[in-house]
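The block underneath contains the structure these notes are about, expressed in structure tokens.
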Amino acid sequence: MSMLHTVNKSPFERNTLKSCIGHALPDSAILLIEDGVIAAVRGTAHEGTMRDAMNGRKVYVLGPDLMARGLSTDQVIDGIEVVNYEGFVELTEKHDKVQAWV
Amino acid sequence: MSEPWEDEGPGEVKKFMYVNRKAPYGTIYALESLEVVLIAAAFEQDVSMVFIDDGVYQLKKGQDTQQIGMKNFSPTYRALEGYDVEKLYVEAESLAERGLTEEDMLVPVEVMSRDDLARLMDEQDVILSF
Amino acid sequence: MKYGILVNEGPYQHQAADTAYQFCKAAIDRGHEVFRVFFYHDGVNNGTRFAVPPQDDRNITVRWTELAQANNIDLVICIAAAQRRGILDEGEAKRQGKDGNNIAPGFRISGLGQLIEAGIQCDRLLVFGD
């Protein structure tokens, strides 16, 4: 089973997402949570980075954190799947280890 | 006094990796991460420490905290060997980005490429990031 | 499955404690066991019963206590981190000669070994931090 990475920082503030992508193997998954959800939005300066990251990897974003920040699911980059907390738990069932990029 | 985990017997050995990405002193993460590793050593698990991004500064030679009034805990990294914590991996790219080399490290480390580290992370059972 | 949770940030200051709580609740709803939540770094501040958040806000400590009591979760505060930050139970207060204790119901203070033990025993160990 492959790894699930979580990222909770905005790419505008820290290099956490970049570091995560640099260490996430091609078959792994990335879940954006907390301020990390900002990277899931279409049309930001980091969209290119996000699209590169999606090459081979599955990317998810935590819906409740998007909504809390006034961002809607239809603003999310195509191919990024929106999940709720239950979906977060499901991801940890499917992936046998979780690495938090904090 | 017997601790509950001692009743487990020899049992399984899991691979624990401690990922350090923050410079020392600005926040307490580096120091308290080190404290976890020192305790973890007693559990006879497979322990490795990884230093990436600003975490490489935790191992920088010549730390002198006298003027900031904080305890210099960097000598503790030298004690890790005595606790049988011998797998210290430092990321080559993180060193290079910061103009550092293996020579700047205060303990013997294994410098590893980002790709190799990514594969090593994937082999772990438990990853604790600080 | 059996989950272990590590919370590394204090309540209100950072979302980590909230996300960890929502995750635990969702995991329990899906039929999993949350074996232990370990509070480290400023995360130990989740366990003070002296906090008085505004009436219209969530009470993070009370929420942990209630979740733990309803689902038999072991809430463990790291003793080393707690001592630095003034989180005390009755025994610690006595030992340290302090005039009172502030630990909330359902929490207990213990060593870092409890974190490692959770890593060994649980199917998953998740870190929520900064």
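With the contact rule set at Cα under 8 Å and sequence spacing of 6 or more, what percent relative contact order holds for region B:1-111?
The value is 27 percent.
Using helices alone, what [θ] at 222 nm do you get for chain B, with -39,500 (n - 2.57) per DSSP H run of 4 or more residues, divided over all residues and rounded to the nearest 500? Intermediate values should be presented prior to the final figure.
Working: 4 runs with 32 residues, N = 130.
That comes out to -6500 deg cm²/dmol.
Could you give the alpha-carbon Rg of chain A over 2.2 N^0.38 Å, rounded to two decimals? Before the final figure, lay out each step's value.
Details: Rg = 12.1 Å, N = 102, 2.2 N^0.38 = 12.8 Å.
Rounded to two decimals, the normalised Rg is 0.95.
Would you mind listing how long the protein assembly as shown runs along its three principal axes, going by Cα atoms, in whole Å with the largest first?
Here the Cα extents, ordered largest to smallest, are 58, 54, 45 Å.
Treating cross-link reach as a plain straight distance, find the aspartates and glutamates whose alpha-carbon is under 15 Å from the alpha-carbon of C:Lys98, omitting any fewer than eight places away in the same chain.
List returned: C:Asp89, C:Glu90.
What's the whole-number percent of alpha carbon pairs in region C:16-81 lying beyond 16 angstrom? The partial results should precede the final answer.
Values: 995 of 2145 pairs.
Here the long-distance tail beyond 16 Å is 46 percent of all Cα pairs in region C:16-81.
Could you quote the convex hull projected area for region B:38-130, Cα atoms only and averaged over all directions, in nm²?
Values: hull surface 26.3 nm².
Over all viewing directions, region B:38-130 projects a mean Cα-hull area of 6.6 nm².
Compute the distance in nm between two label points, each set 7 Å from the Cα along the Cα-to-Cβ direction, one at C:Asn59 and one at C:Lys94.
So the two model labels end up 2.7 nm from each other.
For chain A, what is the relative contact order in percent, using Cα pairs closer than 8 Å and at least 6 residues apart in sequence?
37 percent
Dividing the alpha-carbon radius of gyration of region B:51-95 by 2.2 N^0.38 Å (N being the number of residues), what value is obtained?
1.29
Please report the Cα spread of region C:22-130 along all three principal axes, rounded to whole Å, starting with the longest.
44, 38, 27
Projected onto the charge dipole of chain C (+1 at Lys/Arg Cβ, -1 at Asp/Glu Cβ, origin at the Cα centre), which of C:Cys122, C:Asn8, C:Ala27 gives the Cα projection farthest towards the positive end?
Of the listed residues, the answer is C:Cys122.
Please compute the alpha carbon radius of gyration of region C:66-129, then divide it by the globular-protein estimate 2.2 N^0.38 Å. Two decimals is fine.
1.24
Helix C:60-71 sits at what angle to the longest principal axis of chain C, using alpha carbons and giving 0 to 90 degrees rounded to 10?
50 degrees
Could you tell me whether region B:78-130 comes out rounded, prolate or oblate from its Cα gyration tensor? Rule is a ≥ b ≥ c as square roots of the eigenvalues, rounded for a/c under 1.5, then prolate if a/b exceeds b/c, otherwise oblate.
Taking the square roots of the gyration eigenvalues as a ≥ b ≥ c, region B:78-130 is oblate.
In debye, nearest 20: dipole of the protein assembly as shown around its Cα centre with unit charges on the Cβ of K, R (+) and D, E (-)? Numbers along the way, then the final one.
On the way: 36 positive and 57 negative charges, 164 e Å.
With Lys and Arg at +1 and Asp and Glu at -1, about 780 debye.
B:Arg78 versus A:Arg51, label points 7 Å from Cα toward the beta carbon: distance in nm?
Calculated label separation equals 5.3 nm.
Label-point separation (nm) for A:Met1 and A:Glu93, each offset 7 Å from Cα along Cα-to-Cβ?
About 1.1 nm, to one decimal.
Over region C:1-120, calculate the relative contact order: mean separation of alpha carbon pairs under 8 Å at least 6 apart, over the residue count, as a percent.
Rounded, it is 27 percent for region C:1-120.
Where nothing but the Cβ of Lys and Arg (+1) and of Asp and Glu (-1) is charged, how large is the charge dipole of chain A around its Cα centre, in debye to the nearest 20?
320 debye
Excluding residues fewer than 8 places away in the same chain, name every one of the lysines whose C-alpha is closer than 28 Å to that of B:Lys61.
Cα-Cα hits under 28 Å: A:Lys18, B:Lys22, B:Lys71, B:Lys87.
All of the numbers you see were taken from the coordinates with simple rules; none came from a lab. All of these numbers come straight from a predicted model, not from anything done at the bench. Methodologically, a virtual Cβ is constructed for each residue, glycine included, from the backbone with ideal geometry; neighbour enumeration extends over all protein chains shown.
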